[in-house]
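Enquirer: Could you have a look at this structure, given as structure tokens, before my questions?
The values are calculated or read from the model by the stated rules, or taken from the named source; none is laboratory data. Here the structure is a predicted model, which is why all the values come from computation and not from measurement. We place every Cβ from the backbone using ideal geometry, glycine too, and count neighbours over all the protein chains shown. Each accessible area value is taken on the protein alone, full model and side chains, heavy atoms only, with ligands, DNA and RNA left out. Shrake-Rupley method; radii C 1.70, N 1.55, O 1.52, S 1.80 Å.
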Amino acid sequence: MISTALSAQKIERVEPPSWFTGMKDTGLQLMVYGKEIGSFDVIADYPGVKVTKLVKTGNPNYLFVNLDISSSAVPGSVKLTFTQGKQKLVHNYPLLGHPAEPAKGFNTSDVIYLLMPDRFANGDPSNDNVDAMLEKVSRANPNGRHGGDLKGISDHLDYIKDLGVTGIWLNPFLENNQTAYSYHGYSITDLYCVDPRYGSNEDFKNLVSKAHDTDMKLIMDMICNHIGSGHWWMKDLPSEDWIHQFSTFTRTNYRVSTNMDPYAAKSDADLSEKGWFDNTMPDLNQSNPLVETYLIQNSLWWIAYFGIDGIRMDTYPYPEKNMMSRWAKSITDEFPGFFIVGEVWYQQEAMTAYWALDKVNSDGYQSNLPSVTDFPLSLATHRAFNEPDNWTDGLARLYNILSQDFLYPDPFRNVIFLDNHDMTRFFTETGMRLDIYKMALSFILTTRGIPQFYYGTEIVMEGDKNRGDGYLRGDFPGGWPGDNKNAFTGNGLTTTEKDAFDFTGKLLKWRKDKEVIHTGKLKHYIPENGLYVYFRYNKNESVMVILNNNEKNSVTINKDRYAEAMAGFTKGYDVITGKTVDDLTSFRVGPKTAMILELK
Ligand code: CA
């Protein structure tokens, strides 16, 4: 029993808030926060659990408690007793059962639907404003909070699944208790708590379960590089070197080429790694072993407690890169096959490939990342379809990117996309042309890689980065009570939007069961005269994709040029029109058109 003299003394936080039996790594380091807790001793009274070490920092209000949880420990409540002289505090620490369901992972059979929780659907207007949260709802402000939430996503899981995708990636939804611009979720103020304006941790757990029940997977967006300036640590940092500190605000130079540049000046590399991402985003010091362990355990906790299927790691090249490599390895060691895609935003294939799994780099670096974001291919799609074709421009851009795939040990692991929440939407970028959208979608769903698809693309939502990021993340129509247009039901959609929706769904559903697109080899031909032709093939099947980039001219496809890929086939089933090409020796493809032929 705690004496009244100690009423001011209590344990404010223990993180992770719970842990699991049966982990391969039997070590666990608790961050314990409370007034003067650093001067306490700790014992564990629980079979199979013992305290192995206490780590103190310069701040007396923190105590790091290393535990060993042996393989014989069973789920229960671990009694931790903190003592200092006659003072005694007890914390009952939940030890939960090891998650039985192994993560399903992601591969080329998947298509990922990316959505921003604040902007998809408002399933519960009662949580739009929460007393304890600083920023209130303001739907008229493109950079404000609009009220979307986890319930909105849960309510519309059927819609997402019916589109033909197999998984969803949610932009971050943990607490962002910032005064402004908090809707995007990348300024986390509590790494163990869902933002109450989106729902509760249990709501998220239920969303994961519901997704799994409908055979959908879920990717969680995480950030190891930075936190939000409103994070509770910022009022009482665990140690001086918990974050990178400067005498005046110092921003990263965003030049993450310093990670692999053999000639990089140390000052440039330091600024890239240690500068703050924004003035509201303090940069964590991943070189502090306590920070490293905290971040690794945090990721493991979300995987084990919630059963998520993948992580999209934000700003992968910005933190200390060797720590990130250990972070990725810790996760896949603990959960083999677990999917992680690192956001590596580079213009160049070579720099992207530096981060690829099993890539042999001259400096010996190995990221341990199962997958990387393929920005070079995405940027190529933004230009390939709306410029004249020549040696380097037009469809040659796609060919030139893919011909550099020798840089990747396995380019099929790359996550590929037309756009995402940080980019001008493809439809806007390419002049709002449905014919171009259809060509580009046909490409992205049939070339190599794991396609990712940004919410609203199916109804060709617009979004121009020049107007501000808020415009890239528009409210999904029908997600809010009273919306006059409803994409979930189709009510109020324009002819163009309906056309895009039908086309998108048709291709996604076709791809879902098309094994040759998932695992088949790729063979492509050098683009000529605005025509790019490639094949996806295996022992049993072959799919021929023809992209005719010409504005006005139909082209004749001559079988002779593609003889090595077309030998033995006489007819083709046109996936988009449903018609059959009866004579493959010579047939025509219309201008600004993609034709996808299953060869027979
Ligand atoms: Ca809401």
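Enquirer: Tally up the residues in the stretch 463-475 that are among the charged types (D, E, K, R) and surrounded by 15 or more Cβ atoms within 10 Å (Cβ to Cβ), please.
Expert: Summing the residues that are among the charged types (D, E, K, R) and surrounded by 15 or more Cβ atoms within 10 Å (Cβ to Cβ) in the stretch 463-475 gives 4.
Enquirer: Tally up the residues in the stretch 207-229 that are within 16 Å of the ligand (Cβ to nearest atom) and of a type outside the set (A, V, I, L, M), please. Talk me through it step by step, then tell me what you get.
Expert: Of the stretch 207-229, the ones within 16 Å of the ligand (Cβ to nearest atom) are 207.
Within this subset, residues satisfying the condition of being of a type outside the set (A, V, I, L, M) are none.
Number satisfying all stated conditions: 0.
Enquirer: What do you reckon, is Gly144 within 16 Å of the ligand (Cβ to nearest atom), open to solvent by less than 20 Å² (accessible area, probe 1.4 Å) and on the phi > 0 side of the Ramachandran plot? Walk me through how you get there before you give the answer.
Expert: Details: within 16 Å of the ligand (Cβ to nearest atom): yes; open to solvent by less than 20 Å² (accessible area, probe 1.4 Å): yes; on the phi > 0 side of the Ramachandran plot: no.
For Gly144, the condition - within 16 Å of the ligand (Cβ to nearest atom), open to solvent by less than 20 Å² (accessible area, probe 1.4 Å) and on the phi > 0 side of the Ramachandran plot - is not met.
Enquirer: Then there's this: Out of Arg383, Arg312, which single residue is surrounded by 24 or more Cβ atoms within 10 Å (Cβ to Cβ) and basic (Lys, Arg)?
Expert: Working: Arg383 fails: surrounded by 24 or more Cβ atoms within 10 Å (Cβ to Cβ).
After ruling out the rest, the residue left standing is Arg312.
Enquirer: Name the residues in the stretch 235-258 that are more than 25 Å from the chain's Cα centre (by Cα) and open to solvent by 60 Å² or more (accessible area, probe 1.4 Å), would you?
Expert: The answer is Lys235, Glu240, Asp241, Gln245, Phe246, Ser247, Thr248, Phe249.
Okay, residues lined up against (1) outside any loop (DSSP other than H, G, I, E, B); (2) open to solvent by 20 Å² or more (accessible area, probe 1.4 Å); (3) touching a His at 6+ places or on another chain (Cβ under 9 Å); (4) not assigned by TED's automatic domain parsing to the domain that holds Asn553:
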position	(1), (2), (3), (4)
Gly431	no, yes, no, yes
Phe443	yes, no, no, yes
Gln452	yes, no, no, yes
Asn484	no, yes, no, yes
Phe488	no, yes, yes, yes
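Enquirer: Would you check which residues across the stretch 315-338 are in a helix (DSSP H, G or I), open to solvent by 10 Å² or more (accessible area, probe 1.4 Å) and of a type outside the set (Lys, Arg) and list them? Before the answer, list the steps.
Expert: First, the residues of the stretch 315-338 that are in a helix (DSSP H, G or I): 321-334.
Narrowing further to those that are open to solvent by 10 Å² or more (accessible area, probe 1.4 Å): 321-322, 325-326, 329-330, 332-334.
Those that are in a helix (DSSP H, G or I), open to solvent by 10 Å² or more (accessible area, probe 1.4 Å) and of a type outside the set (Lys, Arg): Asn322, Ser325, Ser330, Thr332, Asp333, Glu334.
Enquirer: Considering Gly456, Gly478, which residue is open to solvent by 10 Å² or more (accessible area, probe 1.4 Å) and closer than 30 Å to Asn127 by Cα? Walk me through it before giving the result.
Expert: Numbers: Gly456 fails: open to solvent by 10 Å² or more (accessible area, probe 1.4 Å).
When all the criteria are applied, what remains is Gly478.
Enquirer: While we're here: Residue by residue through the stretch 223-259, note down the ones that are in contact with a Leu (Cβ under 9 Å, 6 or more places away or on another chain), touching a residue at least 24 places away in the same chain (Cβ under 8 Å) and not in a loop (DSSP other than H, G, I, E, B).
Expert: Listed by number, the residues that qualify are His226, Trp242, Ile243, Arg251.
Enquirer: Going by what's in this entry, would Lys79 be described as touching a residue at least 12 places away in the same chain (Cβ under 8 Å), more than 22 Å from Ser330 (Cα to Cα), surrounded by fewer than 16 Cβ atoms within 10 Å (Cβ to Cβ) and not assigned by TED's automatic domain parsing to the domain that holds Trp242?
Expert: Working: touching a residue at least 12 places away in the same chain (Cβ under 8 Å): yes; more than 22 Å from Ser330 (Cα to Cα): yes; surrounded by fewer than 16 Cβ atoms within 10 Å (Cβ to Cβ): yes; not assigned by TED's automatic domain parsing to the domain that holds Trp242: yes.
Here the answer is yes, as Lys79 does meet what is asked.
Enquirer: In the set Leu290, Leu295, which member is in a helix (DSSP H, G or I) and in contact with a Cys (Cβ under 8 Å, 6 or more places away or on another chain)?
Expert: Values: Leu290 fails: in contact with a Cys (Cβ under 8 Å, 6 or more places away or on another chain).
Answer to the check: Leu295.
Enquirer: May I pose another question? If we scan the stretch 151-167, do we find a residue that is within 13 Å of the ligand (Cβ to nearest atom) and either open to solvent by less than 20 Å² (accessible area, probe 1.4 Å) or not in a helix (DSSP H, G or I) (or both)? Steps first, please.
Expert: Here is the first cut: in the stretch 151-167, the residues within 13 Å of the ligand (Cβ to nearest atom) are 151-155.
Within this subset, residues satisfying the condition of being either open to solvent by less than 20 Å² (accessible area, probe 1.4 Å) or not in a helix (DSSP H, G or I) (or both) are 152-153.
Yes, some residue in the stretch 151-167 is within 13 Å of the ligand (Cβ to nearest atom) and either open to solvent by less than 20 Å² (accessible area, probe 1.4 Å) or not in a helix (DSSP H, G or I) (or both).
Enquirer: Shifting gears a bit: Take Arg511 and decide whether it is in contact (Cβ under 8 Å) with a residue 12 or more places away in the chain, among the basic types (Lys, Arg), touching a strand residue (DSSP E or B) at 6+ places or on another chain (Cβ under 7 Å) and open to solvent by less than 10 Å² (accessible area, probe 1.4 Å).
Expert: Taking the combined requirement at face value, the residue does not satisfy it.
Enquirer: Answer yes or no: is there a residue in the stretch 527-539 that is in a loop (DSSP other than H, G, I, E, B), of a type in the set (Lys, Arg) and not assigned by TED's automatic domain parsing to the domain that holds Asp393.
Expert: At the first step, the residues of the stretch 527-539 found to be in a loop (DSSP other than H, G, I, E, B) are 527, 529-530, 538-539.
After this cut, where a residue has to be of a type in the set (Lys, Arg) as well, the list is 539.
Of the ones still in play, those that are also not assigned by TED's automatic domain parsing to the domain that holds Asp393 are 539.
Scanning the stretch 527-539 turns up at least one residue that is in a loop (DSSP other than H, G, I, E, B), of a type in the set (Lys, Arg) and not assigned by TED's automatic domain parsing to the domain that holds Asp393.
Enquirer: Just to be sure before I move on: is Val130 of a type in the set (Val, Ile, Thr), within 16 Å of the ligand (Cβ to nearest atom) and surrounded by fewer than 18 Cβ atoms within 10 Å (Cβ to Cβ) in the structure I sent?
Expert: Here the answer is yes, as Val130 does meet what is asked.
Enquirer: Would you check which residues across the stretch 47-76 are more than 15 Å from Thr26 (Cα to Cα) and either without any contact (Cβ under 8 Å) to a residue 60 or more places away in the chain or over 37 Å from the mean Cα position of the chain (by Cα) (or both) and list them?
Expert: The first filter runs over the stretch 47-76 and keeps only residues more than 15 Å from Thr26 (Cα to Cα), leaving 54-64, 76.
The answer is Leu54, Lys56, Pro60, Leu63, Gly76.
Enquirer: Hey, another quick one. Answer yes or no: is there a residue in the stretch 119-134 that is aromatic (Phe, Trp, Tyr) and touching a strand residue (DSSP E or B) at 6+ places or on another chain (Cβ under 8 Å). Break it down stepwise before answering.
Expert: Going through the stretch 119-134, the residues aromatic (Phe, Trp, Tyr) turn out to be 120.
Now drop any that are not touching a strand residue (DSSP E or B) at 6+ places or on another chain (Cβ under 8 Å), which leaves none.
There is no residue in the stretch 119-134 that is aromatic (Phe, Trp, Tyr) and touching a strand residue (DSSP E or B) at 6+ places or on another chain (Cβ under 8 Å).
Enquirer: If Ile227 passes every condition in (1) buried (at least 23 other Cβ atoms within 10 Å of the Cβ); (2) closer than 24 Å to Ser126 by Cα but one, which one does it miss?
Expert: (2)
Enquirer: Can you tell me which residue within the stretch 538-574, out of those that are open to solvent by 70 Å² or more (accessible area, probe 1.4 Å) and hydroxyl-bearing (Ser, Thr, Tyr), is farthest from Arg511 (Cα to Cα)?
Expert: Thr570
Enquirer: Of these, Phe64, Phe20, which one is under 22 Å from Lys235 (Cα atoms), surrounded by 15 or more Cβ atoms within 10 Å (Cβ to Cβ) and among the aromatic types (Phe, Trp, Tyr)? Write out each step before concluding.
Expert: Working: Phe20 fails: under 22 Å from Lys235 (Cα atoms).
Just a single option satisfies the conditions, and that option is Phe64.
Enquirer: Where residues in the stretch 363-417 are outside any helix (DSSP H, G or I), in contact with a Pro (Cβ under 9 Å, 6 or more places away or on another chain) and among the aliphatic types (A, V, I, L, M), which of them is farthest from Asn529 (Cα to Cα)?
Expert: Within the stretch 363-417, the match that is farthest from Asn529 (Cα to Cα) is Val415.
Enquirer: Take Thr496 and decide whether it is closer than 30 Å to Ser138 by Cα and touching a residue at least 60 places away in the same chain (Cβ under 8 Å). Don't jump to the end; show me each part of the working.
Expert: Details: closer than 30 Å to Ser138 by Cα: yes; touching a residue at least 60 places away in the same chain (Cβ under 8 Å): yes.
Considered against the rule, which asks whether it is closer than 30 Å to Ser138 by Cα and touching a residue at least 60 places away in the same chain (Cβ under 8 Å), Thr496 comes out as yes.
Enquirer: How many residues are within 13 Å of the ligand (Cβ to nearest atom), open to solvent by 10 Å² or more (accessible area, probe 1.4 Å) and within 25 Å of the chain's Cα centre (by Cα) when one looks only at the stretch 109-126?
Expert: Within the stretch 109-126, the subset within 13 Å of the ligand (Cβ to nearest atom) is 117-126.
Restricting the remaining residues to those that are open to solvent by 10 Å² or more (accessible area, probe 1.4 Å) gives 122-126.
From what's left, within 25 Å of the chain's Cα centre (by Cα): 122-124.
Final tally of qualifying residues: 3.
Enquirer: Another question about this same structure. In the stretch 545-600, which strands (runs of 3 or more DSSP E) lie fully inside it and hold 3 or more residues that are within 13 Å of Phe535 (Cβ to Cβ) and at pLDDT below 95?
Expert: Values: elements: 555-558, 572-574, 586-589, 593-599.
Counting at least 3 such residues, we get no strands (runs of 3 or more DSSP E) at all.
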